[in-house]
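Q: There's a structure below that I have some questions on.
Bear in mind that the values in this text are calculations on the coordinates, not laboratory data. Being a predicted model, the structure only gives us computed values, none of them experimental. Because the Cβ atoms are built from the backbone with ideal geometry, glycine has one as well, and the counts that use them run over all protein chains shown.
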Amino acid sequence: MSGSLALLRAEWRKVLTTKMLWVLAIVAIMFSVINVVTLVLVASGTIAGMPSTENLLLDPAYITTLLAQVGTASTFVLILGIIAMTGEYRHMTITSTFLATPRRGRVLVAKSVLCAVLGAAVAIVTMAVVVLVSTVMLTRFDHAPITASAIGSVLVGAIIGFALYAI
């Protein structure tokens, strides 16, 4: 068991020491924020030339759609998983990894577990930011409430989806 923990710690160290994790996480969050802001501005009729559809903001399903913009970040999580799995081959560090742990299955399991945890973490952080931005953007308009059940269902879906995408 301690060998598995050491392997997970080594994989964790590899991922945290690269800038790509942080860059992709920030880009993913910003992409979701841009989508939320755009959808609120379009639905409120704030953008010049767009017809006013303010009644959309009164629809609870539209508020859930705003929260579901967390899912737009999944592409960046997929890229993160691809880079985490293939980066060692590109930089030729996979040889030393397999020399330290000759069982390839254990290495792949450790990488998969780490990617799933990172994907879930990105989903949680992105969801928190999306809820915050949605709440701030909607304060200027009459809107349906942001319910805990909507947040919970979108969050569970995002965590599962992001974890699978990262793997």
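Q: Please specify each residue of segment 10-23 satisfying the condition of being surrounded by 12 or more Cβ atoms within 10 Å (Cβ to Cβ) and free of Cβ contacts under 8 Å to residues at least 60 places away in the same chain. Talk me through it step by step, then tell me what you get.
A: Residues of segment 10-23 that are surrounded by 12 or more Cβ atoms within 10 Å (Cβ to Cβ), as a first pass: 10-12, 14-15, 18, 20-21, 23.
Correct list: VAL23 only.
Q: A further question follows. Kindly indicate whether ILE83 is more than 19 Å from VAL131 (Cβ to Cβ), touching a residue at least 60 places away in the same chain (Cβ under 8 Å) and aliphatic (A, V, I, L, M).
A: Values: more than 19 Å from VAL131 (Cβ to Cβ): yes; touching a residue at least 60 places away in the same chain (Cβ under 8 Å): yes; aliphatic (A, V, I, L, M): yes.
Against the criterion (more than 19 Å from VAL131 (Cβ to Cβ), touching a residue at least 60 places away in the same chain (Cβ under 8 Å) and aliphatic (A, V, I, L, M)), ILE83 qualifies.
Q: Check whether at least one residue in segment 21-28 is within 26 Å of the chain's Cα centre (by Cα) and not in a helix (DSSP H, G or I), and report yes or no. Spell out how you get there, then give the answer.
A: Going residue by residue through segment 21-28, those that are within 26 Å of the chain's Cα centre (by Cα) are 21-28.
Imposing the further condition that a residue be not in a helix (DSSP H, G or I) reduces the set to none.
Looking through segment 21-28, none of the residues is within 26 Å of the chain's Cα centre (by Cα) and not in a helix (DSSP H, G or I).
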